[in-house]
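Enquirer: Can you keep this structure in mind? I'll have questions shortly.
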Amino acid sequence: MSTETFSFQAETRKLLDLMIHSLYSNKEIFLRELISNASDALDRLRFEALTQEELKIDENELEIRIETDSDAHTLTIHDNGIGMSREEVIKNIGTIARSGTRELLDQLQESESEAKESLIGQFGVGFYSSFMVADRVTMITRRAGEETATRWESEGDGEFSIGDAARGSQGTSITLHLKEVDRDNKIDDFTQFWTVSQIVKRYSDFVRYPIKMKQESTKPVFDDEGNIKEGENEIVIEDRTLNSMKPLWVRTPSDVTEDEYSEFYRQISHDWEKPIKTLHFSVEGRLEYRSILYIPQKAPQDLYVQGADRGLRLYARNVLIMEHCEDLLPMYLRFVKGVVDSADISLNVSREMVQQDRHITSMRKFLTKKVLGALQEMFEDDKENYLKFWNELGRPLKEGGINDFENRDKLTPLLLFSTSHDEELTTLKEYVERKKEDQEAIYYLTGDSREELQHSPHLEAFNEKGYEVLFLTDPIDELVLQSIQEFEDCKFVAIDKGEIELGSEEEKEEKKKEIEEKKETFNDFLTFMQKHLEDKVKDVRLTHRLTSSPVCLVGDEHALNPQLERLLSRDGSVPERKRTMEVNPNHPLVLKIQKLIGEDPESSRLGGYADLLMGYAVLSEGEKLENPARFNNLVVEMMERELE
Ligand code: ADP
């Protein structure tokens, strides 16, 4: 048959036009696309050979070969796979049968150039991507089982020609007549061995057929005595296999060494430390996929950098289709590195499509559970490592405590808090196990550090009752508890907010009565303090929460914690709210001041005492004094008086 010229189908023309004029920076992916087609063609040959005796093949000969010619400036990729008949070439290469193409093209036409880029990149554009780097493409292909070969050629300008050709055996060879090197536009010299081998390594390392290429090198020539002959070099051409072919994840976990896992982790994470935990598993059933997940030792440096690359590598049958698939794990597990290889994901899935893909949604659910399960296991069997992990990556996990409602019961047992019980971190479960019989709530106090909180006056009544108090030293901690709402029927109660009632009903009644009675006695004191501190506190009242401190400050029941309030009021997002001063009626100092007021209500010392008490309350929370100079002067005055 003679050579015929055909027009591309309208859609193909659009796609080609996009390719040719694409400013898409990742042009090197053309190689991934061609290799992936070649690998599919080899798969299909193997498959057909199973049932068709005449297609005898030698498994060991199946290969993909890349050949370059730097003088002619071409790159050819050969495969000895299934090949195509003349009709198949016309059908497969002239038209786009892929589902979703029309939608993609519509979307592409409407989108801004930046969005275009990412669409093109994520979609994968198959064979046509060759036109990003070549201005002419020639294909010679022979269908397995047929005698004749077909030649296809196009300049991507709307037409292609089809003619007869000769080819020794089944398979396809595609020659790209490369555009001129233009590094600004990411058109590298694709005829160079190292350029090609790096691209293959990056995208197609795990393709299961060898991707071979000849490497030319020069070797020195030696004379009979073993000395290098000056100025003489021997050119050696060696056949190299560019890909490792064996993805770790398709191997049986027991056959993979720890070093191999670590090496692979290093490759994909760029982290030089070993991972703290490696998970390797396969899922079978309605959905089939394999995965290797790594939990790092150290928090990645870009953990809190917005827009940083995150997400697992997504492969479809050993071909990398997305380097950072963010949708396979929730945001709070962004520190997890790894790969997922699914048999059900299409090579041409776009980032936008991934989000809606039900396979991805289902994998995400499973992978999340898997990671949380592994952490739970680490917590139970290897506490030391878990604590290391927590120090580095507890923070993002807390984000999960706030957001991931679905996995709350798996996340909550993993959260650790500092506590008044001892120096160790505790889980809520451990807290509840230690809780006193008459204790109704899980108590907590927020502050900057354990040291500071340990000496807080708010703790006094709790220490006396032997009630444990959680020390929330991370601003996010309180949000976590608020999101969890309650744990094993215990509510979370901030001990520096509202009025505190501890103990049995009787005890509470008794304490209440006691306070009522004392109100009379301390009336003058309370009135004076209220008046003097009018601008600083909302109210002054008696409390039984203190045993050794004279006073403390408490917030309203629904107030923000003081640290958060300080933070927010500094930038003006919320007005600073006044708090209530609580007074310990049994403290000798309080009794003495009350006595002084009784004897000499106009005493000039009273104002100073009130300010000192206010300062005491503020300092005991680790907060800053409003007027440190006045506080210091009062202290000095008092010391002088004492020494007189
Ligand atoms: P896709 O690979 O996504 O289907 P392409 O445009 O890359 O889209 O290829 C279109 C079709 O051409 C393929 O589906 C396949 O049938 C055929 N094809 C492409 N490359 C080869 C090849 N090397 N050997 C055999 N058939 C091929």
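Enquirer: Would you please report the Å³ per residue occupied by the convex hull of the alpha carbon atoms in the chain? Could you put the intermediate results ahead of the total?
Expert: Details: hull volume 165.9 nm³, N = 644.
Normalising the Cα hull of the chain by residue number yields 258 Å³.
Enquirer: Under a cut-off of 16 Å between alpha-carbon atoms, report the lysines in cross-link reach of residue 186, not counting same-chain residues fewer than 8 places apart.
Expert: The qualifying lysines are 27.
Enquirer: Sticking with this structure for a sec: Let me know the volume per residue of the alpha-carbon convex hull for segment 417-494, in Å³. Kindly include the intermediate steps, with their values, before the conclusion.
Expert: Working: hull volume 6.3 nm³, N = 78.
In segment 417-494, the Cα hull volume divided by residue count equals 81 Å³.
Enquirer: Here's another thing I want to ask about it. How far apart, in nm, are two points set 7 Å out from the Cα along the Cα-to-Cβ line at residue 626 and at residue 512?
Expert: 3.3 nm
Enquirer: Filter 219/337; 388/578; 491/578; 201/274 down to the pairs with a C-alpha to C-alpha distance above 30 Å, please.
Expert: Details: 219/337 42 Å; 388/578 40 Å; 491/578 25 Å; 201/274 22 Å.
Check vs 30 Å cut-off fails for 219/337; 388/578.
Enquirer: Here's something else I'd like to know. Compute log10 of I(q)/I(0) for segment 150-248 with the Debye formula, placing one identical point scatterer on every Cα and leaving out solvent, at q = 0.19 Å⁻¹, to two decimals.
Expert: Per q value, in the given order, log10 I(q)/I(0) is -1.13.
Enquirer: Suppose R0 equals 30 Å; then what is the FRET efficiency for residue 61 and residue 268 from their Cβ-Cβ distance, rounded to the nearest 0.05? Could you put the intermediate results ahead of the total?
Expert: On the way: r = 32 Å, r/R0 = 1.06.
About 0.40, to the nearest 0.05.
Enquirer: Rounded to the nearest 10 degrees, what's the angle between the helix 113-123 long axis and the longest principal axis of the chain, both from Cα atoms, 0 to 90?
Expert: The two axes meet at around 70 degrees.
Enquirer: Give me the net charge for the shell around residue 272: Cβ to Cβ below 11 angstrom, other residues only, Lys and Arg +1, Asp and Glu -1. Each step should come with its number before you reach the end.
Expert: Details: positive: 266, 274, 298; negative: 271, 273.
That works out to +1.
Enquirer: Can you give the accessible area per residue of segment 248-383, in Å², using a 1.4 Å probe? Working shown, then result.
Expert: Values: 6600 Å² over 136 residues.
That works out to 49 Å² per residue.
Enquirer: Using the Cα centre as the reference, give the magnitude of the dipole from point charges on the C-beta atoms of the chain (Lys, Arg: +1; Asp, Glu: -1; all else neutral), rounded to the nearest 20 debye.
Expert: In debye, rounded to 20, the chain gives about 940.
Enquirer: Quick one: check the C-alpha center-to-center distance for segment 137-211 versus segment 63-85, whole angstrom.
Expert: 5 Å
Enquirer: Sticking with this one: What fraction of the Cα pairs in segment 248-383, stated in percent, has a spacing above 24 angstrom? Could the numbers behind the result be given before it?
Expert: Numbers: 2372 of 9180 pairs.
Tail of P(r) above 24 Å: 26 percent of Cα pairs.
Enquirer: While we're looking at this one, here's another question. What is the Cα convex hull volume of segment 507-643 when expressed per residue in Å³?
Expert: Numbers: hull volume 16.7 nm³, N = 137.
Per-residue hull volume (Cα only) is 122 Å³.
Enquirer: Hey, any idea what % of the chain's accessible area is carbon plus sulfur with a 1.4 Å probe? Please list the in-between numbers first.
Expert: Details: 15390 of 33600 Å².
Reported share for carbon and sulfur atoms: 46 percent.
Enquirer: What number comes out for the charge environment of residue 258, summing +1 per Lys or Arg and -1 per Asp or Glu over other residues with Cβ under 14 Å away? Please report the intermediate quantities before stating the final value.
Expert: Working: positive: 251, 266, 274, 277; negative: 255, 259, 260, 263, 273.
Once all neighbours under 14 Å are counted, the net charge is -1.
Enquirer: I would also like to ask the following. Please report the antiparallel percentage of DSSP beta bridges with both residues in the chain, rounded to the nearest 5.
Expert: On the way: 72 of 93 bridges.
Within the chain, antiparallel bridges account for around 75 percent of the total.
Enquirer: Where does the charge balance sit around residue 195 when Lys and Arg score +1, Asp and Glu -1, over other residues with C-beta under 10 Å from its C-beta? Write out the running numbers ahead of the final one.
Expert: On the way: positive: none; negative: 28, 188, 189.
Once positives and negatives cancel, what remains is -3.
Enquirer: A follow-up question, please. Would you please give the residues with an amide H less than 5 Å from that of residue 165, counting only those at least 5 places away or on a separate chain, with H modeled from the backbone geometry?
Expert: Placed amide hydrogens put 149, 150, 151 under 5 Å from residue 165.
Enquirer: Sticking with this structure for a sec: So what is the accessible area of segment 1-78 per residue, in Å², with the probe set to 1.4 Å? Write down the numbers at each step before the final one.
Expert: On the way: 4270 Å² over 78 residues.
Averaged over the residues of segment 1-78, the accessible area is 55 Å².
Enquirer: Enter the accessible area per residue of segment 507-643 (Å², integer; probe 1.4 Å; all protein chains in place).
Expert: On the way: 8330 Å² over 137 residues.
Roughly 61 Å² per residue, with all protein chains present.
Enquirer: Give, in nm to one decimal, the length gained when the segment between residue 218 and residue 309 is fully stretched (0.36 nm per residue of separation minus the Cα-Cα distance).
Expert: Values: separation 91, 0.36 × 91 = 32.76 nm, distance 4.04 nm.
Difference between extended and current length: 28.7 nm.
Enquirer: Same structure, new question: Using θ = phi - 60° and the Karplus form 6.51 cos²θ - 1.76 cosθ + 1.60, what ³J(HN,Hα) does each residue of segment 509-525 get, whole Hz, x for Gly and Pro?
Expert: So the J values, rounded to whole Hz, are 4, 4, 4, 4, 4, 4, 5, 4, 5, 6, 3, 4, 4, 9, 3, 4, 4.
Enquirer: Taking amide hydrogens as modeled 1.01 Å from N in the peptide plane, which residues meet the under 5 Å criterion relative to residue 469, leaving out close sequence neighbours?
Expert: Residues meeting the amide H criterion: 420, 421.
Enquirer: Determine ³J(HN,Hα), in whole Hz, for all residues of segment 610-625 in sequence, where each value follows from phi through the Karplus function 6.51 cos²θ - 1.76 cosθ + 1.60 and θ = phi - 60°; x replaces Gly and Pro.
Expert: Karplus values, whole Hz, x for Gly and Pro: 4, 5, 5, 5, 4, x, 4, 5, 5, 5, 5, 9, x, 8, 8, 6.
Enquirer: Work out how much length residue 450 to residue 387 would gain on full extension: take 0.36 nm times their residue separation and subtract the Cα-Cα distance, in nm to one decimal. Each step should come with its number before you reach the end.
Expert: Working: separation 63, 0.36 × 63 = 22.68 nm, distance 1.72 nm.
My answer for the length gained is 21.0 nm.
The values are calculated or read from the model by the stated rules, or taken from the named source; none is laboratory data. Treat the numbers as computed from the prediction; the structure is a model and nothing was measured. Quick reminder, even Gly has a Cβ in these numbers, built from the backbone with ideal geometry, and neighbours come from all protein chains shown. Protein only, heavy atoms only, side chains kept; ligands, DNA and RNA dropped before computing areas. Shrake-Rupley method; radii C 1.70, N 1.55, O 1.52, S 1.80 Å.
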